[in-house]
Amino acid sequence: MMSNLIKILIYIIAVLLILIFGLYYTREATILVNFKISGVAGSDVSAAGDSAIIFQSIDTSDFVTTPYPSLGDTILTIGDSAALPGAWSQTFNKTSPPGREVPISFKHAGDTVRTILRTHSASAEQFYSIGALITLRLLISLSYLAVGIWAFLKRPDSGAVRALALFCFAMGSFTITGVRMEMDGFAAFNIPLMSGILNNLGILAIFFGAFWLNLQILFPSPRTFAQKYPVATYVIIYAPLILMLIVANFLEIRLLGYIILTLIGLQIGLGFYFLGRNYARTREPLEKRQIRLVLWGTGAGMTGLLVLPILAFLAGDWVRQQPQIVIIGILIAIFLVLLLSPLSFAYAFGKYRLLEVEGRIRRGTRHLLVTLFLLTTFYVFVYFFSEIFLEFAGIESRTPVLFVALALAVGFAPTQKKLSSLLENRIFPERVRLREMLNDYLRQSLSTTDKEAFWRELENRFRMALKVDAVTPVLRSAGGGHFVHWNGDKTPFTNESPFIISISRLGGRPILRDELEAGRLTEFSSAEKEWMDRNQVALVLPMVLRSELIGFMGIGLKSENKDFEPADMEILKSLAYQTAVAAENITLLEESAEKKRLEAEMSIARRVQEGMLPQTIPSRPGLQIAALSRFCTEVAGDYFDVIEHDAARTVLAIGDVSGKGAGAALLMSNVQASLRTAIGVGTYYVDTGANISLAEIVAKINRLIYRNSQPEQFITFFVALFDPENCTLKYVNAGHNPPLVVRRNGQCEELLSGGILLGAVPDMAYEEEVISLNDGDLIFMYTDGLSESTSPQDEMFGEERIKNFLCANIEQTPDNLLQLLEDEVARFGGNLPLADDFTLLAAKVK
C-alpha cells in the first residue's frame, strides 16, 4: 500500500514539475528577449542592513553628469521614492526603452549628492552571460527531470530508483530556487501563485540531501540495516529535516538556516560515506563500476554545491564587490559541473558504458584543474605586472598590461595542451608506454604476411598490455555469413546473431560483457554463452572498417581478479581501427587464390589512385580548369594534377605510366608525391622567387623513378606553371603526347620542349620553354588513350581529329568541351569498350 502511494506521489510530482518547468523557462525566455531590447543600468547595488542599499559596482557611463558615486556610497532616493532594498531592481530591472533618465541621490563623504542616471542597452557581454546562465539552468533542470522520469518509468518498483527520481526532482528544483536573478520586471507574463510555487520548489530542493542519503543506502543494492529496519531508517533520514521546517514555520530562529544547511551537508557526507563503504566491500565488478562512476560524476557537482554557500559566507564581501559578469561566470562553472551528476546516474542505472563515461569525467576533471591552475597563474602574473612592476617602474600607461595579457591569451591553449600531456605522462606513464607498444606493433604488422605469427604475437601483446588471461580474435568468414576463429575454428556467431548486430553499432567502441547482459542490450544464445565462458570473454572489442564489422576481439578477465579501468577502455578504443585495418590486411595477404590476391592488390591500388587524383578542381586566378579520366581497368596508370603553388600561380601536370594495374598506379603515386614535394605542397618549403625551375624538378623526379622502377617501366610526363601576372606558361614535356595551345583565332600549337620520358636514363637534362598566352586561349592536355581510340573499322581517332575538334569548339567552357569530346570519342568508337585509359585536362585563360 505504502509503495503504491509513493509511486502515485512521484507520478504527481513529475507531472507538476513538467508543467512548472515549462512555464518557468518560457517566462525566462521572455525575460532574456525583453532584457535585450530594454534600457538597463550597468551599475549594481547590494543591501546594507534592512533599510539601505549601497553601490556594489559603478559604471560611469550610467550617469549623465558628474559627480560620480564611489563604491560603498549609500543611495538615498531613486526617483521620488526612498531607496529601500528592492527599489533599484524595481526601477531599472524592467522592460523599458533605453535612454530613460531617473534622478537619484546618494551620500558621499557625508554630503548628499544628486545626479541623473540614464539607462542604456545591455552590452553583448551582459546579454550572452545571462543567456548562458539561463540556458545552463534549463539544461540541468531538464536533465535531472529527464533522468528521474526515465529511471522511474523503467523500474518503478525499485526503491533505489524511486529515491533517484526524488533526488533528481529535488536537484532540478534547486537549479531554479537556489539562484535567483532579480529580473522579474522583464518578464512578459506572470505565473499565477508564483510565490507559492517557488516556496514549494524550495522545500523540495531542501530535501535533496535526504533523498541523496536515501539513494546511497539503496544503491546499487540495499544495506542490511535498511532491509531489517526500513521504518527506522526512513525516520532517521527525513524526520530531522521535517521537524526543522515545522519549527521554521512557527518560530524565527536566526541560526536555523545554518543548522538546516549543516544537516544537509551531513546527509550528503553520510551518503558519500555509504557509497565509498559499499565500493570497498562489494566484490562485483559491475557494482564497483557503477559506484565509481557516481562518485566521480556526482562528487564534483556535490562538492561544488557545498563549497558555494561556504565561500559565499566566508568571502561575502569579496563576492559583493565583483561585477555581475564575474558572479555569473562562477555560477555557470558550478552549473556545468552539476550537469555531470544526472549524466553519471543515467549511465550508472543503465549499466552501460560505465568505464567510458568515467574516463571522460576524469579527463574533464584533469582538464578543468589544469585550466584553473593556468587561469590563476596568469591572473597572478598580470596582477603582479600591473600593480607592482609598473608602479615600481613608474609607468602609468596600461598599454603594457594589455600586451602582456594578449601574449598570455595567445599562449594559453598550447600551454594547456602541453601541460595536460605532461600531467598524463607523469601520472600514467604505464598507460602511455602500453599504448605506444601496441601502436608500434600494429604499424609494423601492416607489412607481415604470416597470419599465424601475426595473430599469436597480437594476442601476446594484448595480454601483456592489459594484463588479461586470454585474447581470442574472431573474424568474419570468407563467405560472410558466419564468424570463425582466426585459425578457422567455427564459432556460434552469425550475421543474424543479436550480439553481432549490437556490437556492429558500436563503431569500434569496446564494451564489457557483463554490461551487455545487465543492461539488456543484447541476448546470447546458449551456444554463444558457452563459447564465451569457455574462452573467458569479459570484454569485446569490435573491429569495424568502413562501417562494417569484420570481427571482434574477445578479451578475457584481468589477472589477479582485478577489473578493467577507464585507461584500458581508452587504449582499446584508440586501437580499434588500427586492429581492424591490420586484421583485414593480414586476411587479404593470406588469400591463397591468385584471383583473390589480385583483387586485394587492385583494391589497394584503387584507393591509392583515388587519393592521388584531385577530388575537386580548385578555382585558380586567370584560369578555368576542368579534368576528366576514364579507365579501361579498375586501376590505371594515368595521372593528372592541379596544384596551387602560391596565391596566384598554378601547376598543371599530366602523365601516363606504361602498363596497367596496381604497379602502374603505385609508380604514378611516386611521381605525384615527388612533384608536390618539389613544388612545396605540404612542406615548409616556400618558393619566394618568380623563377621556379621546372627543368630541375623533372630531372630530380626522373632520377627517383629510375632508381625505384623496373627496367621495362617508364613514364611520359608533362608539367607546366601558369603565371597570371604576366600571362605566361612555363613547361617541360618529358616524352608525353604534345599538349596543345589553341588560340582564339584558331591557331593550334604543340608544346614539345623538354626531353625523353622518365625512368629511362638516370642523369637526363631537361629543358623548359615559356610561351605567352592571351584571354580565351585554351591549354589542352591528354594521354594517348584519346588519340589511339579506335573505331569498329580499326581507324584511330588521331591528333588531327583532336585539333579540329578543339578549334571548332574553342568558345565552349572547359567542362562542356571535355563532355562534348567524350561524347565524340564514344560515337567514333561505336560504344565499344575502351582499349586504353584516357585522361583529359583543359584550362582556358580568362
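The values are calculated or read from the model by the stated rules, or taken from the named source; none is laboratory data. All figures in this text were calculated on a predicted structure; none of them were measured in a lab. Methodologically, a virtual Cβ is constructed for each residue, glycine included, from the backbone with ideal geometry; neighbour enumeration extends over all protein chains shown. We work out accessible area using only protein heavy atoms, side chains counted, and drop any ligands, DNA or RNA first. Shrake-Rupley method; radii C 1.70, N 1.55, O 1.52, S 1.80 Å.
Annotations for the structure displayed:
- In the stretch 45-66, the residues that are polar (S, T, N, Q) and surrounded by fewer than 17 Cβ atoms within 10 Å (Cβ to Cβ): S51, T60, S61, T65, T66
- Answer residue from the stretch 528-548, given it is within 24 Å of the chain's Cα centre (by Cα) and among the hydrophobic types (A, V, I, L, M, F, W, C) and is most open to solvent (accessible area, probe 1.4 Å) among those: V544
- Residues located in the stretch 507-527, provided they are open to solvent by 20 Å² or more (accessible area, probe 1.4 Å), among the aliphatic types (A, V, I, L, M) and under 21 Å from L575 (Cα atoms): none
- Filter pass, R292 being at pLDDT 70 or above, surrounded by fewer than 16 Cβ atoms within 10 Å (Cβ to Cβ), assigned to a helix (DSSP H, G or I) and of a type in the set (K, R): no
- Exactly one residue out of S105, S96, S143, S121 is closer than 30 Å to F207 by Cα, of a type in the set (S, T, Y) and either in contact with a helix residue (DSSP H, G or I) (Cβ under 6 Å, 6 or more places away or on another chain) or modelled with pLDDT of 90 or more (or both): that is S143.
- Count - residues of the stretch 448-458 that are open to solvent by 20 Å² or more (accessible area, probe 1.4 Å) and part of a helix (DSSP H, G or I): 5
- Matching residues in the stretch 608-635 - criterion: being modelled with pLDDT of 65 or more, open to solvent by 50 Å² or more (accessible area, probe 1.4 Å) and closer than 29 Å to A583 by Cα: Q615
- Selected residue (only one of L76, L9, L19, L23 is at pLDDT 90 or above, open to solvent by 40 Å² or more (accessible area, probe 1.4 Å) and closer than 16 Å to T115 by Cα): L76
- Contacts under 7 angstrom Cβ, first residue in the stretch 814-830 being more than 15 Å from A627 (Cα to Cα) and in contact (Cβ under 8 Å) with a residue 40 or more places away in the chain, partner open to solvent by less than 40 Å² (accessible area, probe 1.4 Å) and of a type in the set (G, A, S), 6 or more apart: G829/S789; G829/S791
- Within the stretch 199-230, considering residues that are part of a helix (DSSP H, G or I) and polar (S, T, N, Q), the one surrounded by the fewest Cβ atoms within 10 Å (Cβ to Cβ): T224
- Under the condition of being farther than 26 Å from I705 by Cα, hydroxyl-bearing (S, T, Y), in contact with a strand residue (DSSP E or B) (Cβ under 6 Å, 6 or more places away or on another chain) and open to solvent by less than 30 Å² (accessible area, probe 1.4 Å), the residues counted in the stretch 744-790 number 0.
- Options T233, T262: the member that is closer than 27 Å to V161 by Cβ and either surrounded by 14 or more Cβ atoms within 10 Å (Cβ to Cβ) or of a type in the set (S, T, N, Q) (or both): T233
- Whichever residue in the stretch 673-711 is open to solvent by 80 Å² or more (accessible area, probe 1.4 Å) and among the β-branched types (V, I, T) and, among such residues, is modelled with the lowest pLDDT: V686
- Against the conditions (1) assigned to a helix (DSSP H, G or I); (2) at pLDDT below 85; (3) basic (K, R), R283 satisfies every one except (1).
- All positions within the stretch 702-714 that are of a type in the set (A, V, I, L, M, F, W, C) and under 44 Å from the mean Cα position of the chain (by Cα): L704, I705
- Residues that are buried (at least 20 other Cβ atoms within 10 Å of the Cβ) and among the hydrophobic types (A, V, I, L, M, F, W, C), drawn from the stretch 718-739: F718, V719, A720, L721, F722, L729, V732, A734
- Summed over the stretch 350-365, residues that are farther than 15 Å from E565 by Cβ and either without any contact (Cβ under 8 Å) to a residue 40 or more places away in the chain or touching a Ser or Thr at 6+ places or on another chain (Cβ under 9 Å) (or both) total 1.
- When the stretch 711-725 is filtered for residues that are touching a residue at least 40 places away in the same chain (Cβ under 8 Å) and assigned to a loop (DSSP other than H, G, I, E, B), the ones remaining, listed by number, are E712, Q713, F714, P724, E725.
- Residue in the stretch 386-401 that is surrounded by fewer than 17 Cβ atoms within 10 Å (Cβ to Cβ), assigned to a helix (DSSP H, G or I), of a type in the set (F, W, Y) and at pLDDT below 70 present: yes
- Within the stretch 461-486, if we keep just the residues that are in contact with a Gly (Cβ under 6 Å, 6 or more places away or on another chain) and assigned to a strand (DSSP E or B), the residue that is farthest from L521 (Cα to Cα) turns out to be V468.
- Filtering the stretch 804-825 to residues that are open to solvent by 40 Å² or more (accessible area, probe 1.4 Å) and either more than 26 Å from P618 (Cα to Cα) or assigned to a helix (DSSP H, G or I) (or both) leaves N804, C807, A808, D815, N816, Q819, L820, D823, E824.
- Exactly one residue among S96, S61 is among the small types (G, A, S) and farther than 20 Å from A187 by Cα, and that residue is S61.
- Pairing each residue of the stretch 151-171 that is closer than 15 Å to I12 by Cα and open to solvent by 20 Å² or more (accessible area, probe 1.4 Å) with any residue that is of a type in the set (V, I, T) and assigned to a helix (DSSP H, G or I), provided the two are 6+ apart or on different chains, yields C-beta distances under 8 Å for P156/I10; R162/I6; R162/I10; L166/I10; L166/I13.
- Qualifying residue in the stretch 483-491 (condition: free of Cβ contacts under 8 Å to residues at least 24 places away in the same chain and of a type in the set (G, A, S)): yes
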